[in-house]
Amino acid sequence: MGKYRITDNKNACLILSVLFWGFLLFVEFKGTILFHIFPKDLLIEYIDPVFYGMLFLAVIIIFRKAFIASVKDFVDNFKKYIGLSVIFFFVTILLMVASAVVIDSFGIGDSSNQQFIDEAIVQYGFLQIITVCLLGPVVEEVFYRGILFEMLKGKENSIIRNIIAVILTSSIFAFMHVSLADFSVTDMIANIPILMLGLTLTTLRCKTDNILCSVIVHISINVIATI
């Protein structure tokens, strides 16, 4: 990503990571507390857009040097990065569809997280679509393919460490999409397509060393899924 990397700002990475994963875990295990404070429909409609919207602005502002370096690198390697992004986009679609078909053949449907997203989009529309198709992908790429992957990968160019970082980042990404409050093996299996998504996005991030590539593919996948 050029001279500047997301993990160069360690204090910001720590604070934003605590907020990001703290929010996800709070909603999973103690989210019902909020129903006693806010109307349920209002909470479901606005909690994700507000949270991801705030984080979206925060990561764009705080990590602006890393994003600017990424944009410059992307422009300099435009043909290469677009070509790789297109290839990984279709590979991702293939892997996700294939894994979903196999899972469905065993009578396992969508994960609880996916069901919640589908219902929220149908019921609340525009704000949820913006969150799923733009805010969520950017924020998640910064935290998973940015902060987490860069920390696990380190600065040395070790093939073994890169592979381990790709696998761990993808696994954590998939695991955080599992309903932890109502944890079940079935729900974990239902999230295998998310694991496939994580593996392709993280591999693309590793191969290009430019987070914009994984952001573009993530947004594209979510847009197609939403449509």
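Within region 5-43, the set of residues being within 16 Å of residue 61 (Cα to Cα) and not in a helix (DSSP H, G or I) comprises 5, 9.
Taken as a whole, the structure places residue 62 among residues that are over 20 Å from residue 155 (Cα atoms), open to solvent by 50 Å² or more (accessible area, probe 1.4 Å) and in contact (Cβ under 8 Å) with a residue 24 or more places away in the chain.
Take the residues of region 142-177 that are within 11 Å of the chain's Cα centre (by Cα) and not in a helix (DSSP H, G or I): which is surrounded by the fewest Cβ atoms within 10 Å (Cβ to Cβ)? Reasoning before the result, please.
Start the filter on region 142-177 by keeping residues that are within 11 Å of the chain's Cα centre (by Cα), which leaves 142-146, 169-170, 172-174, 176-177.
Subsequent filtering for residues that are not in a helix (DSSP H, G or I) retains 176-177.
Values: 176: 20, 177: 23.
It comes out as 176.
Of the set (1) at pLDDT 90 or above; (2) open to solvent by 60 Å² or more (accessible area, probe 1.4 Å); (3) more than 29 Å from residue 126 (Cα to Cα), all apply to residue 57 but (3).
Of all residues in region 110-137, count the ones that are outside any helix (DSSP H, G or I) and either over 22 Å from residue 199 (Cβ atoms) or open to solvent by 80 Å² or more (accessible area, probe 1.4 Å) (or both).
Residues that pass the stated criteria total 2.
Free of Cβ contacts under 8 Å to residues at least 24 places away in the same chain and under 12 Å from the mean Cα position of the chain (by Cα) - does that describe any residue in region 199-209?
Here is the first cut: in region 199-209, the ones free of Cβ contacts under 8 Å to residues at least 24 places away in the same chain are none.
No, because not a single residue in region 199-209 is free of Cβ contacts under 8 Å to residues at least 24 places away in the same chain and under 12 Å from the mean Cα position of the chain (by Cα).
So, residue 174, is that one in contact with a Gly (Cβ under 9 Å, 6 or more places away or on another chain) and hydrophobic (A, V, I, L, M, F, W, C) or not? Spelling it out, residue 174 is indeed in contact with a Gly (Cβ under 9 Å, 6 or more places away or on another chain) and hydrophobic (A, V, I, L, M, F, W, C). Among the candidates 106, 74, the residue that is within 27 Å of residue 195 (Cβ to Cβ), among the aromatic types (Phe, Trp, Tyr) and modelled with pLDDT of 95 or more is uniquely 74.
The values are calculated or read from the model by the stated rules, or taken from the named source; none is laboratory data. Only a predicted model underlies this, so the values are computations on that prediction, with no experimental measurement involved. Virtual Cβ from ideal backbone geometry, glycine too; neighbours counted across all protein chains shown. These area figures cover heavy atoms from the full protein model, side chains too; ligands, DNA and RNA do not enter into them. Shrake-Rupley method; radii C 1.70, N 1.55, O 1.52, S 1.80 Å.
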